[in-house]
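To start, the structure under review is shown below, and the notes come after it.
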Amino acid sequence: MPPKIMIIDDEPEIVMYLKTLLEDHGYATVSAPDGVQGLRFIKEEKPDLVCIDIMMPRKTGIALYHEIKTDPQIKEIPVILISAYESAYAFKGKSFRRLVQDKSIPEPLRYFEKPIDVKAFLGFMDEHFARKTPGP
Amino acid sequence: MKKARPVVQWPRKAMFKQIPFSAAVIDRSFTIVEVNRQFEKEFGDWRGEKCLGLYKRRGNPNFRALASKTFKDGKTRVSSEERTDDQGNVRHYMVHVAPFRDGKGGIPYLIEMSFDISDRVSLEKEYRLLFDHVPCFVSVLDESFRIVDANEMFRRTFLREGAQYCYQMYKGSDKVCSNCPAVKVFKTKKTYTRLQVGLDKEGNRTHYMVTAAPFRIRGDRVDRVIEMAQNVSDIMDLREQIKRIEQEKLDAERFAAVGQTVAGLAHGVKNILMGLEGGIYVVNSGLSRGDTELLANGWNMLQSNIKKISTVVKEYLNFARGAEIKVEPVDPSRVAREVADLYRDAAQRSGIVLAAHIKDQIREAPLDFEGIHSCLANLVSNAVDACNMSDKKNKRITLTCTERNGTIVYEVKDNGTGMDYEVKKKLFTNFFTTKPSGQGTGLGLLVTRRIIHEHGGKVGFESAIGKGSLFRIELPRKRLPKLRKEALPEA
């Protein structure tokens, strides 16, 4: 069974891009267009990893992340945050704590800045799931 | 028969004895021949003694010269003298020396009377001390603006050598100042206060607040004016400093607005880049998989992102072109009226009533007409969208223009969808839109805020989900940009 990755982004194009990219590299994907549906799907689908866009209407990626990390059922699921918000360096340092002031919430597994560096993104996934990429 | 005049036996000697100040009679050999009771009380019985000894003791050895003159010319003389009494206190006396005539042209005696004026003298000294120690500049001028009296602080600060007139002392000038308050006091007998800039005797610029008031009135005119001035240089410096800080704050706010706008733009551009890279990837993937549907999806991604580029670039150029606002005298209500007219029909077609509450008598203000117009148009257009997304029956937008306490206020209120906390938080800080894909670039509010900040104003809002939103533009007149000279109407 390939690892199942959930993509949550309000832009359908970004969802299509990430789905195609990950599927081409041997991953299974599921997706949701916003945080409200996203939270429901995570509970139903129990993905191996979740990619969340930060800027979304209705419920932001940060609010969704907060809910995942405080829900005992799903808090162990690794989460990647993606945004054009700012560089990974700036985000990891101060921005995350500014956005999530609750210190009991751990930092996300990884932050990727849009447009994502495909090589780094896939490299990270492969390393995380510790297996060789079959290639497109 | 003529009635006999009653003869009054004046108890002359007794009367002399009881005069309530000290009196002595001196003969031509300067011998004291008679003293009254008060004299005796103060100095003892000096009858038969030469007056010299007494007056030496009283500390007035010149008395004899005074007496000689009066014996010679018969004129009354007055002098003041001081002496130390038995308790060691200095007492002040007003001494009168008057001739005592014998009726045949001779002056056999002088009568000397001394009044104790110590209380008055000490009061005068106290007043003088007070006058000198008042911690502001006090001076008294006559009608030719000559300073006839001045307190210690005035003398220390302004008294320069050779100067006599107030304008010489206060300003080192050689003529009466154009806005002199004393001139008005002499004319109207009223009190006037003015802010003046002078030069102290070291040549330092001094700001002072001067109040001039009538001091002495002779007949129906004022012939002395008192001027009291307070050094306000520190306050003026502080005022300058506050003004400079205000300006710096305004500049900083403007820079911050530009910075946030640039950050917002960067965010938008990064999203488009991701869309383009994604499009290329999906096209390639479609080709290699031989999946025409995926290929078509990728192609659509490319097309829609190229369209986004075009929209963003146009709006960005719009934004960049407006980077420097051009202000001219503008009727603030005219902008609101034009925007209301522009959107009324379109709103009506969507079943929205657009009402305008525009106050007529608002003074012209230095505004960028196009800029404010596009801000209001943006807010009204957002309100139309918010109403369109709502399923209410009576959709309504109100555009208000008024002035409150020197601040021009525009308000755009709608009863549309309203905004939740997350949307509100991001409203101005990010390149953010809630509108369906392709309908908004998220630049509108950024541009609005930038233009309003350039005017020194602010944009605020109140919103409740399901109830609607209110956007408010506030433009304080004192923070508005200055009119450029060429923009001023011809005189």
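Going through B:A266, B:A252, B:A257 one at a time, which residue ends up being within 11 Å of chain A (Cβ to nearest Cβ) and modelled with pLDDT under 90? Don't jump to the end; show me each part of the working.
Working: B:A252 fails: within 11 Å of chain A (Cβ to nearest Cβ); B:A257 fails: within 11 Å of chain A (Cβ to nearest Cβ).
Sole residue among the options that is within 11 Å of chain A (Cβ to nearest Cβ) and modelled with pLDDT under 90: B:A266.
Between B:V197, B:V222, which is farther than 16 Å from B:N151 by Cβ, touching a Phe, Trp or Tyr at 6+ places or on another chain (Cβ under 6 Å), part of a strand (DSSP E or B) and not polar (S, T, N, Q)? Step through it out loud before you land on a result.
On the way: B:V197 fails: touching a Phe, Trp or Tyr at 6+ places or on another chain (Cβ under 6 Å).
Result of the check over B:V197, B:V222: B:V222.
Scanning the stretch B:26-42 for residues that are surrounded by fewer than 18 Cβ atoms within 10 Å (Cβ to Cβ) and free of Cβ contacts under 8 Å to residues at least 24 places away in the same chain yields a count of 6. Considering only residues in the stretch A:42-55 that are in contact (Cβ under 8 Å) with a residue 24 or more places away in the chain and over 13 Å from the mean Cα position of the chain (by Cα), the one that is surrounded by the most Cβ atoms within 10 Å (Cβ to Cβ) turns out to be A:E45. Restricting attention to the stretch B:326-349, does a residue exist that is closer than 24 Å to B:L446 by Cα and within 14 Å of chain A (Cβ to nearest Cβ)? Scanning the stretch B:326-349, I find no residue that is closer than 24 Å to B:L446 by Cα and within 14 Å of chain A (Cβ to nearest Cβ), so the answer is no.
Screening the candidates A:L18, A:L22, A:L39 for the property of being within 9 Å of chain B (Cβ to nearest Cβ) and under 13 Å from the mean Cα position of the chain (by Cα) yields one hit, A:L18. Among the residues of the stretch B:444-454, none qualifies, meaning not one is loosely packed, with under 15 Cβ neighbours inside 10 Å and modelled with pLDDT of 60 or more.
Flag not set for B:E411, criterion: farther than 20 Å from B:L354 by Cβ, part of a strand (DSSP E or B) and at pLDDT 80 or above. Of the strands (runs of 3 or more DSSP E) lying entirely inside the stretch B:81-151, those carrying at least 1 residues that are within 50 Å of the chain's Cα centre (by Cα) and closer than 30 Å to B:K171 by Cβ are B:137-142, B:147-150. When B:V134, B:V90 are checked against the criterion of being over 21 Å from B:E202 (Cα atoms), in contact (Cβ under 8 Å) with a residue 12 or more places away in the chain and exposed (fewer than 13 other Cβ atoms within 10 Å of the Cβ), a single residue qualifies: B:V90. B:R244 satisfies every condition listed in (1) at pLDDT 90 or above; (2) not assigned by TED's automatic domain parsing to the domain that holds B:D149 except (1). If the condition is being more than 18 Å from A:L109 (Cβ to Cβ) and β-branched (V, I, T), then the stretch A:31-49 contributes only A:V36.
Within the stretch B:458-465, the presence of at least one residue that is modelled with pLDDT of 85 or more and farther than 17 Å from B:T398 by Cα is confirmed.
The values are calculated or read from the model by the stated rules, or taken from the named source; none is laboratory data. These numbers were taken from a predicted model, which means no experiment stands behind them. All Cβ positions, even for glycine, are placed from backbone atoms using ideal geometry, and neighbour counts span all protein chains on display.
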